[in-house]
Structures are given as C-alpha cells and as structure tokens.
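Quick notes on the structure that follows.
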Amino acid sequence: MFDGYTMSALKNDTFLRALLRQPTDYTPLWLMRQAGRYLPEYNATRARAGDFLTLCKTPDLATEVTLQPLARYPLDAAILFSDILTVPDAMGLGLYFAQGEGPRFERPLRDEWEIRDLTAPDPNDKLGYVMDAVKSIRRALDGSVPLIGFSGSPYTLACYMVEGGGSDDYRHIKTMLYSRPDLLHRILEVNTRAVIDYLNAQIEAGAQAVMIFDSWGGSLTPHAYREFSLSYMERIVAGLIKERDGRRVPSIVFTKGGGNWLEAIAAIGADAVGLDWSTDIGEARRRVGDKVALQGNLDPCALHGTPDAIRAEVAHILNGYGNHPGHVFNLGHGISQFTDPDKVRVLVEAVHSQSRAVRAAHPST
C-alpha cells in the first residue's frame with residue numbers, strides 16, 4: 001500500500017510491457033510534453049495558477065494538468081507534470097521564469113566556492129511537493145495507465161546551472177569543460193547523486209517507469225559526451241530501484257541529437273532509448289538489436305500537416321521498426337504549443353489502429 005491509496009492492477013500495462021520488449025497487441029503511445037500549451041484546458045489551469053512554478057509546485061494543479069491529455073486521448077501512459085529544473089532550484093539557485101525568456105537562475109554557478117559548496121537536496125524535503133503530486137496522480141489514475149517519473153540528466157542540469165538559463169552557444173559550460181573540467185565533474189557528481197535520489201523517491205511515491213532527459217548532451221563532442229554525460233547517466237541507471245511492488249520499473253534514456261552514439265547509449269543498462277526525429281528507427285533497431293526497447297520518433301512538426309500526412313508518417317515509422325517487440329511510439333521531442341489538438345487525435349488513432357492491423361496480419365518476428 002502506498003500512502004493514501006491501495007495498489008490496484010493496471011488496466012493497461014502495454015507501455016510497460018513494450019519497454020521490457022515483451023509482445024503487445026499494438027504499439028503503445030505517449031507524447032513528450034503531452035500536458036502543455038497546445039491544450040486550451042492546460043492554459044486555463046495555468047492561468048488559474050498564476051505562473052508556471054506555482055502550477056508545478058501545487059500537487060492538485062499538477063495532477064489536474066497531468067490528467068488533461070488522458071481525458072482527451074486514449075494514451076498509454078501519463079507523465080508527471082513537473083520541470084527538470086526543480087532539482088537545481090532545490091539546491092538554492094533561484095529558479096524563475098521570465099516572460100518570453102524561459103527559465104532562468106538568479107545565482108548561476110560561476111565561482112569555485114559555490115561549486116564546492118553544492119550539495120544534493122533531500123527529495124522528500126525540498127522536493128516533497130513533487131512526491132505529493134506523484135501520489136496524487138497515482139490515486140487519480142486508479143490503475144488506468146502507468147505513470148512516468150522523470151529528471152534531467154546531470155549534464156543537462158549542469159548546462160542550465162552554469163549558463164543561468166537556455167543557451168545558443170553553451171559558452172559558459174564549455175569554457176568550464178575545457179578549462180576547469182574538475183569543477184564540471186564536481187557539479188556532475190552532485191547532480192548524479194541528486195538525480196538518483198530524486199528518481200528513486202518518485203518510484204517510492206508511485207512512478208512506474210522513469211525517464212532521463214539529456215536535452216543538451218547532443219551538443220558535446222563524442223569523447224566529451226561519454227565523459228561528461230553518458231558515464232553519469234550510466235551511474236544513475238545502476239542506482240535506480242529496479243522493482244517495486246512485484247513489478248519491474250523500466251528506465252528510459254533520451255539524448256536529443258545522440259543518434260551517432262546509439263550503441264553506446266544502449267549499453268548503459270537502461271531498458272529503453274529515446275530517439276529524436278533525425279535517426280531512422282529501422283536502422284536504429286538494426287544497430288541495437290534486442291538490447292533495448294526504442295521510443296520515438298515522429299517529427300513534432302509533422303503534426304502541423306494534414307491528417308493523411310500524419311497517418312503516412314506514422315506508417316513510415318511503424319513499418320520502419322517492423323513487427324518486433326519493444327517499440328513505444330512518441331515524438332522525437334516535445335509537442336509544439338502551436339499544435340492543433342485535433343491533429344493529436346489523428347496521431348493517436350493512427351498509431352493504435354495501424355499497429356493493431358500489422359500485428360493481426362503478420363505474426364511477431
């Protein structure tokens with residue numbers, strides 16, 4: 001029993017079985033950023049909250065927006081509504097969202113003493129509101145579909161922590177990487193411990209799968225990626241709780257722009273690897289074989305096309321992967337705020353119907 005609710009059998013565990021490369025009746029689907037600004041009901045809730053951080057830090061509101069896309073579409077998983085930058089915010093860097101500028105930190109890490117003093121937060125203290133949201137969402141889902149927890153990767157978090165926000169050239173973080181790698185490794189060490197603790201706390205609160213978003217790892221050179229991003233994600237995967245309440249808790253790793261390093265990513269021990277739209281999913285499957293499941297990888301901009309074009313892109317991806325276990329359909333990155341919600345319905349229906357037809361016509365190979 002979790003705090004406040006009794007574990008119930010999942011009515012739809014297709015997503016979890018696909019992550020474990022088990023046969024499924026159809027290809028499951030969820031969308032990165034599925035609870036977001038493309039939905040009018042999300043915008044109404046966000047306006048009621050007053051600002052984005054209040055929305056993230058109020059469990060009842062986070063629950064409300066997490067469930068909104070599931071009320072519209074028969075998606076196969078929910079993902080916790082939160083933000084990757086809640087972790088460095090809990091470290092005292094002063095997260096805020098400037099109008100039209102995205103996330104910023106009041107106190108970016110630039111001085112050596114700040115980096116030496118950095119410590120991982122207790123997730124059940126400083127980030128207790130996230131765990132409260134996980135528990136609330138699990139109660140509300142009532143076993144309908146699994147809940148995904150998530151975190152940013154150590155390197156991606158470090159980018160924001162050092163740059164002070166988003167960046168076009170990564171000047172500050174890469175200057176540190178090439179001039180004081182010891183300081184960057186110090187940040188990454190703290191972030192790694194923080195992410196392990198944070199994800200495990202989410203699992204203990206009720207998350208049934210977890211995902212690591214390495215949004216900026218693709219900006220690194222191949223050898224720097226292995227040293228400053230991949231090696232730390234490997235440690236996180238090794239440190240995760242692997243089973244909870246008699247069920248495996250799968251992990252997904254996603255490096256945007258990481259297609260060239262697919263084999264290396266697949267070797268770190270995660271159950272699944274996310275692909276952006278620049279990688280051919282059929283070729284990716286051939287490269288990794290049955291080592292991991294694959295998640296992806298529709299170009300989010302395809303949802304601006306006609307319904308027939310969306311269906312054709314879905315067919316291209318499903319046919320490219322083939323009738324093999326281990327595919328979770330998703331976008332190659334987050335859904336655009338300018339997406340027509342009706343186009344998402346076309347996508348969900350196409351993925352489910354086309355993949356069912358493939359399974360019926362061709363036995364699994």
Residues within the range 160-169 that are in contact with an Asp or Glu (Cβ under 9 Å, 6 or more places away or on another chain) and farther than 20 Å from Tyr96 by Cα, tallied: 0
Boolean, Asp342 is among the acidic types (Asp, Glu) and not in a helix (DSSP H, G or I): no
Selected residue (only one of Lys242, Lys256 is more than 23 Å from Thr221 (Cα to Cα) and not polar (S, T, N, Q)): Lys242
Pairs, first closer than 18 Å to Gly152 by Cβ in the range 223-235, second buried (at least 23 other Cβ atoms within 10 Å of the Cβ) and charged (D, E, K, R), C-beta under 7 Å, six or more apart: Ser229/Asp214; Met233/Asp214
Residue under evaluation Ile115, criteria (1) part of a helix (DSSP H, G or I); (2) over 20 Å from Glu227 (Cβ atoms); (3) of a type outside the set (Phe, Trp, Tyr); (4) over 22 Å from the mean Cα position of the chain (by Cα), criterion not met: (2)
Ala264 vs. criteria farther than 25 Å from Asp13 by Cβ and not hydroxyl-bearing (Ser, Thr, Tyr): yes
Options Tyr155, Tyr178; residue that is more than 30 Å from Leu10 (Cβ to Cβ), at pLDDT 95 or above, aromatic (Phe, Trp, Tyr) and under 19 Å from the mean Cα position of the chain (by Cα): Tyr155
Inter-residue pairs, beta-carbon under 7 Å, first over 17 Å from Arg33 (Cβ atoms) and among the acidic types (Asp, Glu) and in the range 128-150, second in a helix (DSSP H, G or I) and at pLDDT 95 or above, 6+ apart: Asp132/Pro59
Helices (runs of 4 or more DSSP H) lying entirely in the range 159-277 (those with 3 or more residues that are of a type outside the set (Val, Ile, Thr), touching a Phe, Trp or Tyr at 6+ places or on another chain (Cβ under 8 Å) and crowded, with 20+ Cβ neighbours inside 10 Å): 181-205
Residue that is surrounded by the fewest Cβ atoms within 10 Å (Cβ to Cβ), among those in the range 323-365 that are touching a His at 6+ places or on another chain (Cβ under 9 Å) and at pLDDT below 95: Thr365
Extreme residue, modelled with the lowest pLDDT, among residues of the range 69-113 that are under 19 Å from Met176 (Cα atoms), out of contact with any Gly (no Cβ under 8 Å at 6 or more places or on another chain) and of a type outside the set (A, V, I, L, M, F, W, C): Arg110
Residues that are under 18 Å from the mean Cα position of the chain (by Cα) and assigned to a loop (DSSP other than H, G, I, E, B), drawn from the range 128-148: Val145, Pro146
Residue count, the range 188-232 (criterion: closer than 15 Å to Ser151 by Cβ and out of contact with any strand residue (DSSP E or B) (no Cβ under 8 Å at 6 or more places or on another chain)): 12
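The values are calculated or read from the model by the stated rules, or taken from the named source; none is laboratory data. Everything quoted here is computed from the prediction, not taken from an experiment. Cβ atoms come from the backbone with ideal geometry, glycine included; neighbour counts cover every protein chain shown.
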